[in-house]
Amino acid sequence: MLFVVVMALAAAWLYQRKGDMVEVLVVQRSVAAGAVIGNSDLGTAQVSGVAGALDLNDVESVVGMRAVAGLVPGQVLTDAAVTSDQLPAVGQKVVALRLDFGRVPDGLGAGAMVDVLAVPGEGETDPGALDDPTVLAAQVQVVAVTEAVDGGLVVSVLAPDASSDRVAAYAAAGRVTIIQAPTGQ
């Protein structure tokens with residue numbers, strides 16, 4: 001008898017929890033940062049408690065927008081994940097930085113603001129370069145963080161045209177690191 005009462009209470013609790021669920025848009029297949037989102041990129045899922053989640057009824061307004069950062073299958077779409085702006089914007093370029101784990105702040109993700117610093121090459125010990133590193137690009141936005149095939153991470157940033165070539169050259173030589181500070185610092 002006690003078993004039946006417990007099961008009835010559990011069923012009532014589950015039914016009540018299902019009532020909190022809403023149907024939202026989710027990503028069905030990977031979408032690169034800046035890419036236009038198509039209808040075939042979208043699916044739906046029942047979720048609860050996801051702040052900013054885009055409702056199923058928003059599908060028509062989402063199609064044709066761009067991904068702010070790379071989107072992965074199963075990801076719940078939020079208003080912060082999509083934009084109508086061109087990415088990269090005029091005056092910007094996306095630059096990929098291949099960095100070892102120790103050169104990337106823990107938990108860094110898309111949307112974070114970072115400074116890209118020049119560092120001495122391996123084996124170089126110039127105290128001036130260590131004491132006063134050159135800022136190659138200040139307060140640039142991270143658009144994606146992915147794991148590199150050979151270990152480490154690839155951090156893609158939106159760099160201004162004026163510094164993007166220099167940032168890319170230093171990155172190719174393995175001579176960059178990034179630091180994260182609060183926006184506006």
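Criterion applied to S61, S30 was being modelled with pLDDT of 80 or more, open to solvent by 60 Å² or more (accessible area, probe 1.4 Å) and farther than 30 Å from A172 by Cα, and the one residue passing it is S61. Scoring S164 on the criteria (1) free of Cβ contacts under 8 Å to residues at least 60 places away in the same chain; (2) under 24 Å from G70 (Cα atoms) leaves a single failure, condition (1).
Any residue that is touching a Ser or Thr at 6+ places or on another chain (Cβ under 6 Å) and either modelled with pLDDT of 70 or more or of a type in the set (V, I, T) (or both) - is there at least one of those in the range 39-51? I'd like the intermediate steps shown before the answer.
If we filter the range 39-51 for residues that are touching a Ser or Thr at 6+ places or on another chain (Cβ under 6 Å), which is where we start, we get none.
Scanning the range 39-51 turns up no residue that is touching a Ser or Thr at 6+ places or on another chain (Cβ under 6 Å) and either modelled with pLDDT of 70 or more or of a type in the set (V, I, T) (or both).
The values are calculated or read from the model by the stated rules, or taken from the named source; none is laboratory data. All figures in this text were calculated on a predicted structure; none of them were measured in a lab. Positions of Cβ are backbone-derived with ideal geometry, glycine not excepted, and every protein chain shown enters the neighbour counts. Keep in mind that these areas ignore ligands, DNA and RNA; they rest on the heavy atoms of the full protein, side chains included. Shrake-Rupley method; radii C 1.70, N 1.55, O 1.52, S 1.80 Å.
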